[in-house]
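Input: a single structure, listed below in structure tokens.
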Amino acid sequence: MRRGIAVLACVCALTTGVYLAISKWGIRHETLNFFDAARQRPVAVDLAMRRDYEMKANAGYWKLPVAVISNGNTVKNTEYSFLANVFAARGYLVASIQQDIPSDPPLMTKVGLPYVGRRAVYEKGEANILFVLGQLKELRPNADYDHLTLVGHSNGGDIAMYFAKHHPELCAKVVTLDNLRVPFVLNDRLKILSFRSKDPNFKTDPGVLPTPQQAKADGIDIVHTEFQHTWMSDRGPDTAKERIQATLDKFLSDGNASELAPVNTDNPMISNAGAPLP
């Protein structure tokens, strides 16, 4: 057991070192401030790209895969650089969208209504993603907008799952970090990885997570952690972010989530995922 934890710690450290190095020397971040005239709404986006892959794409030698990150409520879109860097290091065009703005009404919960009354919030997030994709197709034409990877934390994870449900033809992968309201899409062509917190203040609604049988059939990986809900952003401790990075990197490397480990939703995909490093 100790040897396994030590190996995982080494993998996390190595992965983090690689992303820190690439982030410092090779990943470029760019802020775009769009305005959706049809909805009279500003939409801010933080782009992340690896410079060498960006040059290949601009020269027509490479088509950038696209990852879209949606922020959790009250968390800024720029506070997911630890995720954006994993995707950018692998050659993705990463678009981190600011889903909520100060003029939005407070996020409310209404028990008994679909998605506890938050359908309009998810529809707004869906519209934001479609709008940003339309803008990026003009600015970054050398990217693959037909096989998206949707990523989201908390409310952003629900937006990602909602978008995947309504636009399955555009989505290849979904990565959520403790989404609580929108049920998982059951589709064996869509690869899903989800990190779950162990936080008494944030409980997943009934029916959101797939059963173990559904997860196995559709290649869905559930990672049960000891992390707090709010740790799944740049605000979290380095140990939590490093473990999420290592698991995400494995998920992207394999291209087949089910190969990572058993997909039983009652057990963690990686043993001691939240245990402290030795």
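The values are calculated or read from the model by the stated rules, or taken from the named source; none is laboratory data. All of these numbers come straight from a predicted model, not from anything done at the bench. Methodologically, a virtual Cβ is constructed for each residue, glycine included, from the backbone with ideal geometry; neighbour enumeration extends over all protein chains shown.
Regarding segment 124-132, can at least one residue be identified that is of a type outside the set (Val, Ile, Thr), without any contact (Cβ under 8 Å) to a residue 60 or more places away in the chain and crowded, with 24+ Cβ neighbours inside 10 Å?
Just the residues of segment 124-132 that are of a type outside the set (Val, Ile, Thr), to begin with: 124-128, 130-131.
Filter again for without any contact (Cβ under 8 Å) to a residue 60 or more places away in the chain, leaving 124-126, 130.
Of the ones still in play, those that are also crowded, with 24+ Cβ neighbours inside 10 Å are 125.
Looking through segment 124-132, at least one residue is of a type outside the set (Val, Ile, Thr), without any contact (Cβ under 8 Å) to a residue 60 or more places away in the chain and crowded, with 24+ Cβ neighbours inside 10 Å.
Residue check: Leu190 meets all listed conditions (1) free of Cβ contacts under 8 Å to residues at least 60 places away in the same chain; (2) crowded, with 24+ Cβ neighbours inside 10 Å; (3) out of contact with any Leu (no Cβ under 8 Å at 6 or more places or on another chain) but one, namely (2). Against the list (1) closer than 16 Å to Asn33 by Cβ; (2) surrounded by fewer than 16 Cβ atoms within 10 Å (Cβ to Cβ), the condition His147 fails is (1). For segment 43-77, taking the residues that are of a type in the set (S, T, N, Q) and buried (at least 17 other Cβ atoms within 10 Å of the Cβ), the one that is farthest from the chain's Cα centre (by Cα) is identified as Asn77. Note on segment 209-220: residues that are under 13 Å from Asp188 (Cβ atoms) and either crowded, with 21+ Cβ neighbours inside 10 Å or in contact with a Ser or Thr (Cβ under 7 Å, 6 or more places away or on another chain) (or both) total 4. On the stretch given as segment 109-122, residues that are within 23 Å of the chain's Cα centre (by Cα) and either exposed (fewer than 10 other Cβ atoms within 10 Å of the Cβ) or in contact (Cβ under 8 Å) with a residue 12 or more places away in the chain (or both) total 5.
In the set Leu47, Leu130, only one residue is modelled with pLDDT of 95 or more, touching a Leu at 6+ places or on another chain (Cβ under 7 Å) and farther than 18 Å from Leu248 by Cα; that residue is Leu47. Could you list, in sequence order, all residues of segment 221-234 that are farther than 25 Å from Leu190 by Cα and of a type in the set (S, T, N, Q)? Once the filter is applied, which keeps residues that are farther than 25 Å from Leu190 by Cα and of a type in the set (S, T, N, Q), segment 221-234 yields Gln228, Thr230.
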